[in-house]
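Colleague: Here it is, the structure in full.
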Amino acid sequence: MLTAAFMLLLSACESAENSVEDSEKTENPVTASQVSLEEAKAQAQAMELEIAGLVPSEVVVSVDQMPKGTLFSCSDVEWTWYGATTVTVLEGTDIEAIVRSIQAHYEGSRFDLRTRRDIADDFEVQLMSPKTAETYIVGEGFTPTEIRIDSGSVCFTLPEGTWTRGSF
């Protein structure tokens with residue numbers, strides 16, 4: 001899943017570079033200045049839980065959302081919030097089948113989808129907004145009974161002088 005976190009960072013930066021150009025093409029662009037850190041974090045966490053809700057309830061043991069995340073830069077003046085939710089499932093659950101069903105759920109949605117095998121050969125799907133840096137990677141977690149949902153929020157600006165290190 002370290003590969004997933006690294007890919008999340010790279011893909012968010014790639015999306016952010018294109019977000020200004022893409023937003024100019026839309027009627028209702030969402031720009032960084034329209035969203036606060038709190039709003040961006042809340043939106044990303046809500047989406048994490050939406051994705052977690054697609055895991056069949058009969059195999060779910062627990063859903064644990066990290067209360068805090070980290071900031072990464074989108075540009076010289078914009079930031080994205082990264083967080084994660086872990087869904088613990090019953091031993092023997094076919095995680096790849098669940099991740100593929102999540103992929104199918106989001107086909108034709110507001111997200112572009114990418115799939116890959118991580119370094120441990122586990123299947124992952126990445127949901128990426130074509131208009132913002134918003135991204136989610138879903139795959140097997142750190143153990144064979146976990147589904148990890150990594151998130152990256154839309155880009156936002158912070159008030160001048162805001163400390164960007166630490167947890168948010």
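Colleague: Compute the FRET efficiency between Arg100 and Ala42 as 1/(1 + (r/R0)^6), taking r as their Cβ-Cβ distance and R0 = 35 Å, and round to the nearest 0.05.
Modeller: Values: r = 28 Å, r/R0 = 0.81.
With R0 = 35 Å, the Cβ-Cβ based efficiency is 0.80.
Colleague: With Cβ to Cβ distances under 13 Å as the rule, what net charge do the other residues near Leu37 carry (K, R +1; D, E -1)?
Modeller: On the way: positive: Lys41, Lys68; negative: Glu38, Glu39, Glu78.
In short, -1.
Colleague: Do any trypsin sites (Lys or Arg not before Pro) in the stretch 64-115 lie in a DSSP loop with no more than 16 other beta carbon atoms within 10 Å, and if so, which? List each step's numbers first, then the result.
Modeller: On the way: sites: Lys68, Arg100, Arg110, Arg114; in loops: Lys68, Arg110.
Sites meeting the loop and neighbour criteria: Lys68, Arg110.
Colleague: Return the FRET efficiency for the residue pair Ser57, Glu107: r is the Cβ-Cβ distance, R0 is 25 Å, and the value is rounded to the nearest 0.05.
Modeller: Working: r = 22 Å, r/R0 = 0.89.
After rounding, the FRET efficiency stands at 0.65.
Colleague: How big is the charge dipole of the stretch 118-167 about its Cα centre, in debye rounded to the nearest 20, if each Lys and Arg gets +1 on its Cβ and each Asp and Glu gets -1 on its Cβ? Don't skip to the end; give the middle numbers.
Modeller: Details: 3 positive and 9 negative charges, 71 e Å.
The calculated dipole for the stretch 118-167 is roughly 340 debye.
Colleague: Another question, then. Label Arg165 and Met66 with points 7 Å out from Cα along Cα→Cβ: what is the distance between them in nm?
Modeller: 1.8
Colleague: Taking a probe of 1.4 Å, how large is the accessible area per residue of the stretch 116-168, in Å²?
Modeller: Details: 2290 Å² over 53 residues.
In whole numbers, the stretch 116-168 has 43 Å² accessible per residue.
Colleague: For the stretch 113-156, list residues with backbone N below 18 Å from a point placed 7 Å from the Cα of Leu90 toward its Cβ?
Modeller: Inside the label zone: 144-147.
Colleague: Per residue of the stretch 152-168, in order, report the coupling 6.51 cos²θ - 1.76 cosθ + 1.60 (Karplus, θ = phi - 60°) as ³J(HN,Hα) in whole Hz, putting x for Gly and Pro.
Modeller: Calculated HN-Hα couplings, in order: x, 6, 5, 6, 8, 9, 10, x, 3, x, 5, 6, 9, 9, x, 9, 10 Hz.
Colleague: Please turn the phi angles of the stretch 57-64 into ³J(HN,Hα) values with the Karplus equation 6.51 cos²θ - 1.76 cosθ + 1.60 (θ = phi - 60°), one per residue in order, whole Hz, x for glycine and proline.
Modeller: Result, rounded to whole Hz: 4, 5, 10, 7, 8, 7, 10, 10.
The values are calculated or read from the model by the stated rules, or taken from the named source; none is laboratory data. Quantities reported herein were computed from a predicted structural model and do not represent experimental measurements. Neighbour counts run over all protein chains shown; Cβ positions are idealised from the backbone, glycine included. Ligands, DNA and RNA are excluded from the accessible area calculation, which covers all protein heavy atoms including side chains. Shrake-Rupley method; radii C 1.70, N 1.55, O 1.52, S 1.80 Å.
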